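Presented below is the structure to which this report refers.
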Ligand SMILES: Nc1ncnc2c1ncn2[C@@H]1O[C@H](COP(=O)(O)OP(=O)(O)OP(=O)(O)O)[C@@H](O)[C@H]1O
Ligand SMILES: [Mg+2]
């Protein structure tokens, strides 16, 4: 004999409890364990707490119906097999029972043991199949979810790779543009120093024949400064492309500030025009500072050489430095040609040169390099300029800390 089938009967007519029990007893070869309740809510509570195989539900349950009962139960335990018991056999009720989730319906009063056994058996088989399908569905769903997660991850990785590639491409494009702009700029900017070198070399030949040593020296000096000019341009360009590639890293070192500035001034004073004067004013501490010396030197030299280049002979250039515990402040002030107002927004763009400097040599790289250095050092740069009056560039650089 198969293991007993646990049945719950929900029926408000106690007489039906007895009839059902009697009918079940008449079924040979199968044992049934029957529990009976008369009330809707009692039935729900029972089904929630005990595992039944089958639930027989009366169509009339006081104010509520067996259909509502089945609907409610299916929401809590969808796998429970429900059979509806009705007084009359209407097709309408049959359809409603099916909709509510009942596996079968039986007409009360004339249910034979055979019919009941058959209905229970078929309903159980049907529910078993449904349960299997639902398990398979759940497994399938879990697999789909897992695959979706894997796909999401793969998509994210692809997107990341795409971003990286387009970033690299962008960088590559920028570098290419930089290189081609450089070729244009270099072919223009190198022409003057090269022709100076050529003419000086020719003149040296001539002065050598005349044995005019003084003039020879003057021209070898011109050659040297032209070569220096070209080297400066090349260095600027190289440091810019290195920065573009991210290959330049900060390396702060202790700097003896006073000596450091004096050395720079020595270098820069060679560039001044006739009667031009650089006046250096320092305030605050004069102690050592922890900063990248190469970056700092490039910044100061670029600002001072611009002030010299873009102002007139016999003018004064004010170079102020102020050191606090936290930062270094630099100010370069000239009374030169100034910058046209419409050019101001483009000032730190590489290769940018204002309209009023067409006849003055330059590559338009200096301020771009200055800005990049200051950004890397976490500082700021501001400026004020008025056409034909002069310009002021103000820089603030936070001092590095030991653990940088
Ligand atoms: N002190 C200044 N006075 C007037 N114009 C300036 C001053 N500093 C910069 N400029 C303007 O900004 C432009 C860009 O300056 P930047 O130093 O980048 O390039 P450059 O001086 O032309 O060339 P280089 O790369 O040789 O320095 C200059 O061409 C000039 O028009
Ligand atoms: Mg410059």
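The values are calculated or read from the model by the stated rules, or taken from the named source; none is laboratory data. Because the structure is predicted, anything quoted here is derived from the model rather than measured. No Cβ is skipped: glycine too gets one built from the backbone with ideal geometry, and neighbour counts run over all protein chains shown.
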Across (1) assigned to a helix (DSSP H, G or I); (2) more than 30 Å from residue 192 (Cβ to Cβ), residue 279 clears everything bar (1)
In the range 348-358, residues that are within 22 Å of residue 186 (Cβ to Cβ) and either in contact (Cβ under 8 Å) with a residue 40 or more places away in the chain or surrounded by 14 or more Cβ atoms within 10 Å (Cβ to Cβ) (or both) total 7
Counting only residues in the range 320-347 that are surrounded by fewer than 16 Cβ atoms within 10 Å (Cβ to Cβ) and in contact (Cβ under 8 Å) with a residue 60 or more places away in the chain, the one farthest from residue 381 (Cα to Cα) is identified as 325
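Which residues, counting only those in the range 48-62, are touching a residue at least 60 places away in the same chain (Cβ under 8 Å) and outside any strand (DSSP E or B)?
The answer is 53, and nothing else.
Among the residues of the range 354-377, write down those that are in a loop (DSSP other than H, G, I, E, B) and more than 18 Å from residue 390 (Cβ to Cβ).
Within the range 354-377, 358, 359, 361, 363, 364, 365, 377 qualify.
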Taking the range 219-243 and the residues there that are surrounded by fewer than 15 Cβ atoms within 10 Å (Cβ to Cβ) and at pLDDT 90 or above, the one that is nearest to residue 193 (Cα to Cα) would be 227
Just one listed residue, out of 296, 265, 303, 271, is within 16 Å of ligand 2 (Cβ to nearest atom) and assigned to a helix (DSSP H, G or I), and it is 303
The lone condition residue 354 fails out of (1) farther than 24 Å from residue 174 by Cα; (2) at pLDDT 95 or above; (3) out of contact with any strand residue (DSSP E or B) (no Cβ under 6 Å at 6 or more places or on another chain); (4) within 8 Å of ligand 1 (Cβ to nearest atom) is (1)
Counting only residues in the range 359-386 that are within 9 Å of ligand 1 (Cβ to nearest atom) and more than 38 Å from the chain's Cα centre (by Cα), the one surrounded by the most Cβ atoms within 10 Å (Cβ to Cβ) is identified as 362
Of 246, 275, the only residue that is at pLDDT 90 or above and on the phi > 0 side of the Ramachandran plot is 275
Restricting attention to the range 338-351, the residues that are over 14 Å from residue 302 (Cβ atoms), within 8 Å of ligand 1 (Cβ to nearest atom) and either assigned to a helix (DSSP H, G or I) or under 32 Å from the mean Cα position of the chain (by Cα) (or both) number exactly 1
Of the listed residues (83, 5, 18, 70), the one being touching a residue at least 24 places away in the same chain (Cβ under 8 Å) and outside any strand (DSSP E or B) is 70
Every listed condition ((1) within 16 Å of ligand 2 (Cβ to nearest atom); (2) in a loop (DSSP other than H, G, I, E, B)) holds for residue 395 save (2)
Exactly one of 124, 106, 56, 85 is in contact with a strand residue (DSSP E or B) (Cβ under 6 Å, 6 or more places away or on another chain), assigned by TED's automatic domain parsing to the domain that holds residue 42, at pLDDT 95 or above and surrounded by 15 or more Cβ atoms within 10 Å (Cβ to Cβ), and that residue is 56
inquiry  = Criterion first (within 12 Å of ligand 1 (Cβ to nearest atom) and in contact (Cβ under 8 Å) with a residue 12 or more places away in the chain) does residue 396 satisfy it?
reply    = no
Just one listed residue, out of 267, 262, 287, is at pLDDT below 85, assigned by TED's automatic domain parsing to the domain that holds residue 362, more than 30 Å from residue 177 (Cβ to Cβ) and within 48 Å of the chain's Cα centre (by Cα), and it is 287
Being in contact (Cβ under 8 Å) with a residue 24 or more places away in the chain, outside the structural domain of residue 306 (by TED's automatic domain parsing) and in a helix (DSSP H, G or I) narrows 239, 180, 199, 195 down to just 239
